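Asker: Just dropping this structure here.
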């Protein structure tokens, strides 16, 4: 038996079945339902339907309040959910919007923990924020579930070709949802993976610090020579730490070896069983668990963020460029610099970047107003530079990179070109790509993650297990 | 009071207007809780029961599929894994937590122990620390290379296991964490122990009963209602184990800590299969209910209530 309902009918029917519709309406007027948090997850799992029970009520409430405002053509209230706090930059952006739309009220909502769950709950209840932040974890899901406004028509209407060309191609193109090519958002900033290096350690070991274009063999040699042991043979400093052992970041390593996770021509096919992909895993496995020139997860202990390199536990560390602010805010005792990922067997430079963005909820009652706010934060130079400076993450457009470098140097007097320039060069090199998605991405990760853990985190398996993993993932994605 | 008067006279008596007003006031006072319970607990449960019959993400299309979610569960490899992981955890954690709390309470019931109040506080403290903070602390203690446990083991020449990084030791690690947080159970046992009338022990001693006999024939029976309560609550809590698996291992290594609640969280909030997640929740509910009923049924054989008449 297969009967189809509209979402509204379904939610209404279930709410009535539960006999809680009227009471829910009464109570929802009295107070808000708390969003599920990490520690509340067990309760959230059982309470999730409660939020859904309220869905018709909340959706009706939104319509009821928004309709007169829209009809009156006057006051409009929009909500902005962001992973920023409501600081001067946010307030300035709101003030800027009010210059054009004096009757608009913007209610800002800081994102807090478990923001993906929070957004989901809000969407289910038909009450999501109008402007919202997204990333590789969330945007694809919201787009698949038809929750994001397609920005393509607005982009075509308002942005010039020069403005579009100023964005980084990988990020601009990456914000097109693979399923229907809708534009999910505009870039927030750029986050790319790079290597932080202890220059003093290189000098001490008589090694030349790496520069862009360095080779995998150079990296291997550096890891070996930078690994220090005491008289008993106990490692006192590891050559490096590659914080890339999750499916998103490790795609960069797969590409360095000429492999992929998802078949570039078929998002239902997993290609982790190719020789190239397995070589990438094996290269890391050997250096983690046989040579131990790369530090293992358990050897890192409880050090977080940039602590492993800052405390000289490792001499090279792979991390996002967004973490550079931590190094600049708390300068380590040694000289340090940055470098792009090494070049592998393909001979081609590679990098990985995110699609962190602002999108617009499809249910918004004031799309043009929200689009104007989005244009202020994503396209106006002063706001974009302010956001970049705040996060010490590179801005979302090429033309802003020199100003960003100048702003960082102005803020941090000791910042050097070795620290700032490599990420700018990598961004403009065209080497950076985004992470790819399976058709059923999250379910695929349920199969891939345990295998990655066994090979790269616990060292209990070899890359041969990827044959079975690839088969399972492909089968999953090709099921109806 | 009106009720007892009516019973005493053997016929129903019309309630006075004052009594009726008091009754209405009573209902009004409890109504926030009752309405909240009906909507947010009973309503939510019925809603989730309804969801089990649908293939839905609650956002787009919703399809009625009858009992297919339950059928699919029966051959879902990961669900079956989560079932076995949860069962293993319950099997280890429940008896150990119940017994550990009892032993600690028995020790701390002795007022002759120096600084007994301090010890009681120390043992109770872990149970009021947030789950996330506890998880972070234990990640350090259980670190195979730098953790406290393996350091202590190394002092006696034992190479410790890899704890949460090992498929074999991950669940036992969680069990140890659970035993460490036995404070709240311990507190209930202490209250139970202190409510046992002293004359019972005095009489037993006069009759020549030794300490083991007094424990077995007085303490344990008199404490059995507390033991029963702790057993039920620990059992329910153990089936719902989540925070450690979510924060410390994310279900790994190789799904060794993929508990049922973590699995339903993933299905619901990560993959948006709310019908399927609800089916997992209801299977878990039925399992918990079955075990709880079993404990309730068995309680007639081993739980003793003072003043209770037995045939």
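Asker: Has the stretch B:132-142 got any residue that is part of a helix (DSSP H, G or I), surrounded by fewer than 18 Cβ atoms within 10 Å (Cβ to Cβ) and away from chain A (no Cβ under 12 Å)?
Answerer: Scanning the stretch B:132-142, I find no residue that is part of a helix (DSSP H, G or I), surrounded by fewer than 18 Cβ atoms within 10 Å (Cβ to Cβ) and away from chain A (no Cβ under 12 Å), so the answer is no.
Asker: Okay, moving on. Looking at this structure, is residue A:355 closer than 23 Å to residue A:169 by Cα and over 23 Å from the mean Cα position of the chain (by Cα)?
Answerer: So residue A:355 fails the test.
Asker: Something else about it: Whether any residue in the stretch B:302-310 is assigned by TED's automatic domain parsing to the domain that holds residue B:91 and closer than 22 Å to residue B:89 by Cα is what I want to check.
Answerer: No.
Asker: So in the stretch A:285-328, with the set limited to residues that are in contact (Cβ under 8 Å) with a residue 24 or more places away in the chain and assigned to a loop (DSSP other than H, G, I, E, B), which one is farthest from the other protein chains (Cβ to nearest Cβ)?
Answerer: A:306
Asker: From B:230, B:254, grab the single residue that is within 23 Å of the chain's Cα centre (by Cα) and either over 18 Å from residue B:109 (Cα atoms) or modelled with pLDDT of 95 or more (or both).
Answerer: From the options B:230, B:254, the qualifying one is B:230.
Asker: Return yes when residue B:148 is out of contact with any helix residue (DSSP H, G or I) (no Cβ under 9 Å at 6 or more places or on another chain), without any contact (Cβ under 8 Å) to a residue 12 or more places away in the chain and more than 10 Å from chain A (Cβ to nearest Cβ) and no when it is not.
Answerer: Taking the combined requirement at face value, the residue does not satisfy it.
Asker: Please go through (1) in contact with a helix residue (DSSP H, G or I) (Cβ under 6 Å, 6 or more places away or on another chain); (2) at pLDDT 95 or above; (3) assigned to a helix (DSSP H, G or I) for residue B:297 and return the number of the only condition it doesn't satisfy.
Answerer: For residue B:297, the failing item is (1).
Asker: Look through the stretch B:22-42, keep the residues that are at the interface with chain A (Cβ under 7 Å from one of its Cβ atoms) and modelled with pLDDT of 95 or more, and return whichever of them is farthest from residue A:120 (Cα to Cα).
Answerer: B:35
Asker: Considering the stretch A:250-284 alone, what residues qualify as being assigned to a loop (DSSP other than H, G, I, E, B) and in contact with a strand residue (DSSP E or B) (Cβ under 6 Å, 6 or more places away or on another chain)?
Answerer: Matches in the stretch A:250-284: A:271 only.
Asker: Same structure, new question: Looking only at residues in the stretch B:242-265 that are assigned to a loop (DSSP other than H, G, I, E, B) and more than 7 Å from chain A (Cβ to nearest Cβ), which one is farthest from residue A:116 (Cα to Cα)?
Answerer: My answer is B:256.
Asker: Checking residue A:310 against (1) within 25 Å of the chain's Cα centre (by Cα); (2) on the phi > 0 side of the Ramachandran plot: exactly one of these is not met. Which one?
Answerer: All conditions are met except number (2).
Asker: Kindly indicate the residue of the stretch B:151-166 that is touching a helix residue (DSSP H, G or I) at 6+ places or on another chain (Cβ under 9 Å) and at negative phi and also nearest to the other protein chains (Cβ to nearest Cβ) among those meeting that condition.
Answerer: Going through the qualifying residues, I end up with B:165.
Matching residues to (1) touching a helix residue (DSSP H, G or I) at 6+ places or on another chain (Cβ under 8 Å); (2) closer than 20 Å to residue B:226 by Cα; (3) at pLDDT 95 or above:
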{"position": "B:86", "(1), (2), (3)": "yes, no, yes"}
{"position": "B:108", "(1), (2), (3)": "yes, yes, no"}
{"position": "B:111", "(1), (2), (3)": "no, no, no"}
{"position": "B:122", "(1), (2), (3)": "no, no, no"}
{"position": "B:131", "(1), (2), (3)": "yes, no, no"}
{"position": "B:173", "(1), (2), (3)": "yes, no, yes"}
{"position": "B:179", "(1), (2), (3)": "yes, yes, no"}
{"position": "B:185", "(1), (2), (3)": "yes, yes, no"}
{"position": "B:189", "(1), (2), (3)": "yes, yes, yes"}
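Asker: Just to be sure I understand, how many residues within the stretch B:122-131 are surrounded by fewer than 16 Cβ atoms within 10 Å (Cβ to Cβ), within 14 Å of another protein chain (Cβ to nearest Cβ) and under 21 Å from residue B:104 (Cβ atoms)?
Answerer: 2
Asker: Right, next: Looking at residue A:268 and the list (1) crowded, with 19+ Cβ neighbours inside 10 Å; (2) farther than 23 Å from residue B:253 by Cβ; (3) in contact (Cβ under 8 Å) with a residue 24 or more places away in the chain, which single condition is not satisfied?
Answerer: Of (1) crowded, with 19+ Cβ neighbours inside 10 Å; (2) farther than 23 Å from residue B:253 by Cβ; (3) in contact (Cβ under 8 Å) with a residue 24 or more places away in the chain, only one is false for residue A:268: (1).
Asker: If residue B:70 satisfies every condition in (1) within 13 Å of chain A (Cβ to nearest Cβ); (2) outside any loop (DSSP other than H, G, I, E, B) but one, which is the exception?
Answerer: Going through the list (1) within 13 Å of chain A (Cβ to nearest Cβ); (2) outside any loop (DSSP other than H, G, I, E, B), residue B:70 breaks only (1).
Asker: Checking the conditions here, which among A:433, A:419, A:423, A:437 is assigned to a strand (DSSP E or B) and within 28 Å of residue A:256 (Cβ to Cβ)?
Answerer: A:433 is the lone residue from the list that is assigned to a strand (DSSP E or B) and within 28 Å of residue A:256 (Cβ to Cβ).
Asker: Need the failing condition index for residue B:268 against (1) over 25 Å from residue A:245 (Cβ atoms); (2) within 8 Å of chain A (Cβ to nearest Cβ); (3) in contact (Cβ under 8 Å) with a residue 60 or more places away in the chain, just the number.
Answerer: (3)
Asker: Go through the stretch A:101-210 and tell me which helices (runs of 4 or more DSSP H), entirely inside it, have 1 or more residues that are surrounded by 21 or more Cβ atoms within 10 Å (Cβ to Cβ) and without any contact (Cβ under 8 Å) to a residue 40 or more places away in the chain.
Answerer: Hits in the stretch A:101-210: A:115-124, A:139-144.
Asker: Give the stretch B:221-241 a look and list any residue that's without any contact (Cβ under 8 Å) to a residue 60 or more places away in the chain, within 20 Å of residue B:91 (Cβ to Cβ), more than 7 Å from every other protein chain (Cβ to nearest Cβ) and in contact with a helix residue (DSSP H, G or I) (Cβ under 6 Å, 6 or more places away or on another chain), or say none.
Answerer: Of everything in the stretch B:221-241, just one residue is without any contact (Cβ under 8 Å) to a residue 60 or more places away in the chain, within 20 Å of residue B:91 (Cβ to Cβ), more than 7 Å from every other protein chain (Cβ to nearest Cβ) and in contact with a helix residue (DSSP H, G or I) (Cβ under 6 Å, 6 or more places away or on another chain), namely B:236.
The values are calculated or read from the model by the stated rules, or taken from the named source; none is laboratory data. All values reported here derive from a predicted model rather than from experimental measurement. Neighbour counts run over all protein chains shown; Cβ positions are idealised from the backbone, glycine included.
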